[in-house]
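Comments concern the structure below.
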Amino acid sequence: MSGRAAAEAAPGGPTASSTIPVPAGVHFTERMAGFVGEGEDYWEGAEAGRAAGSSFAFVFSISVDDVEGMLADPAHEADLFGTVEAPALSESRLIACGGRFNLFSDDPDDPKSKRMEYRATLTAEDGASYEFRGHKVIRDDPGFDLWPDTTTLYIELRRCDSPDASPPLRGVLRIAVTDFVRQLTTMRPTGPDSAKARAKALADFGGFFAGSLFKIYGGFGRGLQRFDENAPPRQRRPLRCGVGQAVPVTTEDGKQLRLTRYRGGSRGPVVLTHGLGVSSLIFSIDTIATNLVEYLFEAGYDCWLFDYRSSIDLPHSGDLHTADDVARYDYPAAIDKVREMTGAPGVQVVAHCFGATTFTMAMLSGLQGVRSAVISQIGPHVFVPWFPQRLLAHLRVPWFFGLLRLRAVDVTARERDPRWLRALDRVLYRLLPLSGRSSSDSATSNRITALYGPLYERDQLNEATFLEALPEMFGEANVAALAQLALIARRKRIVAADGRNAYLPQLRGLNIPVCFIHGALNRTFLPTSTRKTYRLLRRRFGASQYSHHVIPEYGHIDCIYGKDAQRDVYPLIRAHLDRY
C-alpha cells in the first residue's frame, strides 16, 4: 500500500506530517493625533481639549489573519492593538488590548454612509481602564471629501469601572500627511511561506479597500438625476385659471412670438415676462400650490404671459440675439397687441431677471403703453458678487463659448446626453463647492448654478419643483445674450451689446410707478442692484410712486416659484398692481 493510501486508511485521517493550509493575512500600523475633552459632540470636545492642552495620540496595529475570510465577512472585522499617549488620562502610555477594527461597516444612521470603526480597552499602569470607541464617516458629499473622511476619526472615552459617573470625553483625531505616508510603508502580508499567496492577500485587501472607496467616491456623482424625455409624462394638476389662449405676435424684424392669455377679470391687463434660458412656464408651473398666474387670476387680473425671442418654448432661443433686440422689437409688439385686444390705454408689467433687464431697456428706449411695473431682482444697475460671477465676467467666459462655436448653452441634463457631457456634470458636482456654490444630486441644478450662479435657495423649493420642474422650466440660452450680460456685470449698469451707454441717460423712461422686489439672499444679482436704482428714481422723480422690498430668506428665482411665494412674495406684487 502506498504511503498516501496508508495515511488515508489510517483511523486518524492524515498523518502528522500533513499540515492545514495557513491563511494569508495583512498587517499595517496607523497613527492619529488630536484632542479630547468634555463636550456635547466630538468637535466641542476637541475644542475643549485643545484649550486645556489635553492631547490624545495612538499608534494602532491592524492585523488581518485571514484576508479571504475577512473580506467574505459582512462585518469586515480585524484585530486591533497598540498604545495611546494621553497625558490627561495617564502619565505613561496606555495599552490597547482586546481591540477590534471594522472596515466599511454599515452606518446605522445613514444608509448612504459607511464607517470604519475602532474599539478597544485602554489600560493605564495604575490599573485605570477606559472604553475607547472611534469611527470614521465614509460618505460622498459634494466637493473633494475622500481625504478628510478617511483621515478624520471621531472618538469617545468612558471609564470602564464607572462609565456613568462622569461625562464621556469626546474628540477628533486626524492623520498627518507624513504619518499617512509612513502608514503605507507598514502594510505587509503575513501567513504562509508562499510568496504568491502573500502577494495575492495583499492585492485582494488593497483591491477591496480601493474598490470600496471608488464605489463611494469614484462615481463622481454618476447617480446624478437627469431628465428622461422618454419617461411617461408626470401627473400634472389642472390650473385654477383654466387653459390659456395662445395669441401669436409678429415683431418688426419678423420673429414669431407668443402671448398666452388667462382672463381672470376686469382689473386690467398684466403682462408677465420671464428670464433668460427659461419660458413663461415659471409663472404657471403646477408643482406649487398656487403659482403667480393663478394668484393674479383669482385676484381678477387679465394675465398675459409673454414668451419673447429668448423663451425656450420658441425656436428663436438658440439664435444669436441680444438684450437690445428684445428691447427694440419684442416689447413694442407685445404691448401693442395686448392694448389692441383689450382696448386698455395702458398695461401693467411684472418683469423678472433678464425679462426685467430687457423691459427696462425698452422703457428707457421710449416704450409706450405701460402705466406701472413690478421689477424683480434686476434693473438699470447691476451688482454681482466678485467671486465667482464678476471674475467669470472679466474672464469673458461667453467668449470661450463662441470660440468653441457654441451658439447656445443648454442647462437641462438629459438621459440622452453624450458621454462627455455626463462627465462634465460629474466634474461640476465636484467643483461647485470649491467656488462657494452648492452642488446637488440634480445635474440640471448644478448646470444652472454653474452658468447663472445660485438662482434659488434650495429650502424655498419643494421636492416636485426641484426634481421634476427644473428640467422642464430651464433650457438653452444663446451666447450673444450671455456675453452682453457679462459686459453688463463688468460695467455695473445696463449697456448696449457694443458697450454704449445707450440707456441710463434716458432715465425719464422709468418715470412711472415701479415696485422693486429682491431676494435678500440673491447671490446672482445683489440687492444693492435694485436698491441703487430705487434711490436714484426717488431723487429724480419723487418718492411717492416707487417702492422697494427685500424679501428675507429668498434668493433669485424662488421669489417666482418658491413653495411659499404665495405667502411671502405675491402679496407685494398684488399690492402694487392694486394701487395702480
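None of the figures in this text is laboratory data; all of them are computed from the coordinates on show. On a predicted model such as this, the values are computed, not experimentally measured, just so you know. Backbone-built Cβ (ideal geometry, glycine too); neighbour counts: all protein chains shown.
Determine the percent antiparallel among the DSSP beta bridges restricted to the stretch 233-382, to the nearest 5. Working shown, then result.
Values: 12 of 27 bridges.
If we restrict to bridges inside the stretch 233-382, about 45 percent are antiparallel.
Within the set of other residues whose C-beta is less than 15 Å from the C-beta of Glu68, count the net charge using Lys and Arg as +1 and Asp and Glu as -1. Surrounding charge for Glu68 is -2. Taking the number of Cβ atoms within 10 Å of each Cβ as an exposure proxy, the fewest-first ranking of Arg188, Arg574 is Arg188, Arg574.
Among all stretches of the chain without exposed GluC sites (Glu not before Pro) (DSSP loop, at most 13 other Cβ atoms within 10 Å), which one is longest?
Working: sites that count: Glu40, Glu91, Glu125, Glu229, Glu252, Glu415.
Counting at most 13 other Cβ atoms within 10 Å as exposed, the longest clean stretch of the chain is 416-580.
Averaging the sequence gap over all C-alpha pairs within less than 8 Å and six or more residues apart, then dividing by the number of residues, gives the stretch 25-209 a relative contact order of 25 percent.
Lys and Arg at +1, Asp and Glu at -1: add these up for the other residues within a Cβ distance under 14 Å of Gly171 and post the number.
Working: positive: Arg50, Arg133, Lys136, Arg158, Arg170, Arg174; negative: Glu38, Glu40, Asp41, Glu44, Glu47, Glu85, Glu156.
Net charge in that neighbourhood comes out at -1.
Tell me the label only: which of (1) 79, 65, 57; (2) 113, 65, 44; (3) 101, 62, 38 is Cα extents along the principal axes in Å as calculated from this structure? So the structure-derived entry is (2).
Rounded to the nearest 500, the 222 nm mean residue ellipticity of the chain from helices alone is -8500 deg cm²/dmol, with -39,500 (n - 2.57) taken per DSSP H run of at least 4 residues.
Using Cβ contacts closer than 10 Å as the measure, can you line up Trp386, Trp304, Trp420 from fewest to most?
On the way: Trp386 10, Trp304 28, Trp420 7.
Lowest to highest Cβ neighbour count: Trp420, Trp386, Trp304.
Electrostatic bookkeeping for Phe297 treats Lys and Arg as +1 and Asp and Glu as -1; over the other residues with beta carbon under 14 Å from its beta carbon, the sum is +1. Against the main long axis of the alpha-carbon atoms of the chain, helix 570-579 sits at an angle near 10°. Considering only beta bridges that DSSP places wholly inside the chain, some 75 percent are antiparallel. As a proxy for reagent exposure, ranking Tyr554, Tyr570 by other Cβ atoms within 10 Å from fewest up yields Tyr570, Tyr554.
Take the alpha carbon atoms of the stretch 298-355, find their center, do the same for the stretch 421-482, and report the distance between the two centers in whole angstrom. Their Cα centres are 26 Å away from one another. Tilt of helix 479-491 relative to the longest C-alpha principal axis of the chain, in degrees (0 to 90, nearest 10)? It is inclined by approximately 90 degrees.
Once the Cα atoms are used to define both axes, helix 419-431 deviates from the longest principal axis of the chain by about 80 degrees.
Taking amide H atoms as placed 1.01 Å from N in the peptide plane, the amide H of Ala520 lies under 5 Å from those of Ile551, Glu553, Tyr554, each 5 or more residues away in sequence or on another chain. Pairs of Lys residues in the chain, spaced 8 or more positions apart or belonging to different chains, with C-alpha separations under 23 angstrom: 8 in total. Relative contact order for the chain: 12 percent, from Cα pairs under 8 Å spaced at least 6 residues apart, divided by residue count.
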